[in-house]
Amino acid sequence: MKILIAEDEKDIRELIKIHLIKEGYEVLTAENGVEALELFNSEIIDLAVLDVNMPKLDGFNLLNKIRKESKIPVILLTARASDEDKILGLGLGADDYLTKPISMVELVARVKAHFRRNYEYIDAKVEEITVMESGDLSVNLDQCSVSKKGELLDLNAKEFKLLVYFMKNEGKVFTKKQIYEEVWEDYYYGDSNTIMVYISRLRNKIEDKENKSEYIKTIRGIGYRFDGKK
C-alpha cells in the first residue's frame, strides 16, 4: 500500500514517514499542497495524510481536488480543533481528522483501520444476497455499486456501507450511537457531526432534490429510519 504524506513541517513529516515505513507501507512525502497534488496525479496512492495548513495549496483545497478523482481514505491533520474545521473537512470528503500534537501510535492505528474498513469491506463477498432493492435504488453487493432508476451513483466506501446498513434494516429506527458503532466500527463518543455530515452527503446522492428525506427519515430525539418506496 502506498501512502502520501503532505505536511510542511519537516520534523513531523519525517516522523510520520518513519513510523509508517516500519509498518511495511510505501511512503511518499510532500512539503506543500502543490507538490502533493503532483504526486497524487503521477502515482497510484492508496491513502493520504494531509496537513490542513500548508503553503501554496492548503489541505482543504487539496482534499477537494483529490475527491474529484478518487475515493481513497484521507486523514486530515491540523493544529485547529474547532468543530467548524472538522465539519468542513468531513464535508469535503475526509475520512478522519486528527488534531496536533498527534500520537504516532494513534495515527498508525487509524491508517490500519481505514485500510481494513475501506478495502477489506469492499472486497468482501456477501454470500446470502448479492442485490438489494428499495424503491428506485438498487445495490449490488458483489460489485459494490449503487444505482437509481438504472443510473449509477458515485458513493465512497463509507457512504456505501452506511446505505447497505440502512437497507438491510429498512423500517427500523436507529440512534446515532448504533449507526456509528456499526458503520464506523468504533466506540461512539457522542460526536454526532460525523454522522450528520455523512447522512447529508448520502441524502444528496440518493434522493431527489425536490423530495429530501425520500428514503432517510429523521426521527426527532432518537435518530434515523430508512424507508424505501415500494
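Conditions (1) touching a His at 6+ places or on another chain (Cβ under 7 Å); (2) closer than 20 Å to Val105 by Cβ; (3) among the hydrophobic types (A, V, I, L, M, F, W, C); (4) without any contact (Cβ under 8 Å) to a residue 40 or more places away in the chain, marked per residue:
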site: Glu9; (1), (2), (3), (4): no, yes, no, no
site: Gly33; (1), (2), (3), (4): no, no, no, yes
site: Leu37; (1), (2), (3), (4): no, no, yes, yes
site: Asn64; (1), (2), (3), (4): no, no, no, yes
Problem set entry | Pairs, first closer than 18 Å to Lys68 by Cα in segment 144-162, second acidic (Asp, Glu), C-beta under 7 Å, six or more apart | Lys158/Asp95
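For the condition surrounded by 18 or more Cβ atoms within 10 Å (Cβ to Cβ), free of Cβ contacts under 8 Å to residues at least 60 places away in the same chain and out of contact with any Ser or Thr (no Cβ under 8 Å at 6 or more places or on another chain), what is the one hit in Val74, Val105?
Working: Val105 fails: surrounded by 18 or more Cβ atoms within 10 Å (Cβ to Cβ).
Checking each option against the conditions leaves just Val74.
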Problem set entry | Qualifying positions in segment 40-50 - free of Cβ contacts under 8 Å to residues at least 60 places away in the same chain, among the aliphatic types (A, V, I, L, M) and either over 24 Å from Arg117 (Cβ atoms) or assigned to a strand (DSSP E or B) (or both) | Ala48, Leu50
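Does Glu43 count as touching a strand residue (DSSP E or B) at 6+ places or on another chain (Cβ under 8 Å), surrounded by fewer than 18 Cβ atoms within 10 Å (Cβ to Cβ), in the same structural domain as Met104 (by TED's automatic domain parsing) and modelled with pLDDT under 95? Don't jump to the end; show me each part of the working.
Details: touching a strand residue (DSSP E or B) at 6+ places or on another chain (Cβ under 8 Å): yes; surrounded by fewer than 18 Cβ atoms within 10 Å (Cβ to Cβ): yes; in the same structural domain as Met104 (by TED's automatic domain parsing): yes; modelled with pLDDT under 95: yes.
Answer is yes for this residue.
Go through segment 51-78 residue by residue and tally those that are part of a loop (DSSP other than H, G, I, E, B) and basic (Lys, Arg).
First pass over segment 51-78, keeping only residues part of a loop (DSSP other than H, G, I, E, B): 52-58, 68-73.
Going one step further and asking which of them are basic (Lys, Arg), we end up with 56, 68, 71.
Residues that pass the stated criteria total 3.
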Seminar exercise, completed: Among Gly93, Gly89, the single one that is within 21 Å of Phe115 (Cβ to Cβ), modelled with pLDDT under 95, outside any strand (DSSP E or B) and in contact with a helix residue (DSSP H, G or I) (Cβ under 6 Å, 6 or more places away or on another chain) is Gly93
Problem set entry | Complete set of residues in segment 3-34 that are in a strand (DSSP E or B) and surrounded by 15 or more Cβ atoms within 10 Å (Cβ to Cβ) | Ile3, Leu4, Ile5, Ala6, Val27, Leu28, Thr29, Ala30
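Which count do you get for residues in segment 144-163 that are crowded, with 19+ Cβ neighbours inside 10 Å, under 17 Å from Trp184 (Cα atoms) and aliphatic (A, V, I, L, M)? Show your work before the answer.
Start the filter on segment 144-163 by keeping residues that are crowded, with 19+ Cβ neighbours inside 10 Å, which leaves 146, 155-156, 158-163.
Restricting the remaining residues to those that are under 17 Å from Trp184 (Cα atoms) gives 155-156, 158-163.
From the residues that got through so far, the ones that are aliphatic (A, V, I, L, M) too are 155, 162-163.
The total comes to 3.
The values are calculated or read from the model by the stated rules, or taken from the named source; none is laboratory data. Not measured: the values here are computed from a predicted model. Cβ coordinates were reconstructed from backbone atoms using ideal geometry, including for glycine residues, and neighbour counts include every protein chain displayed.
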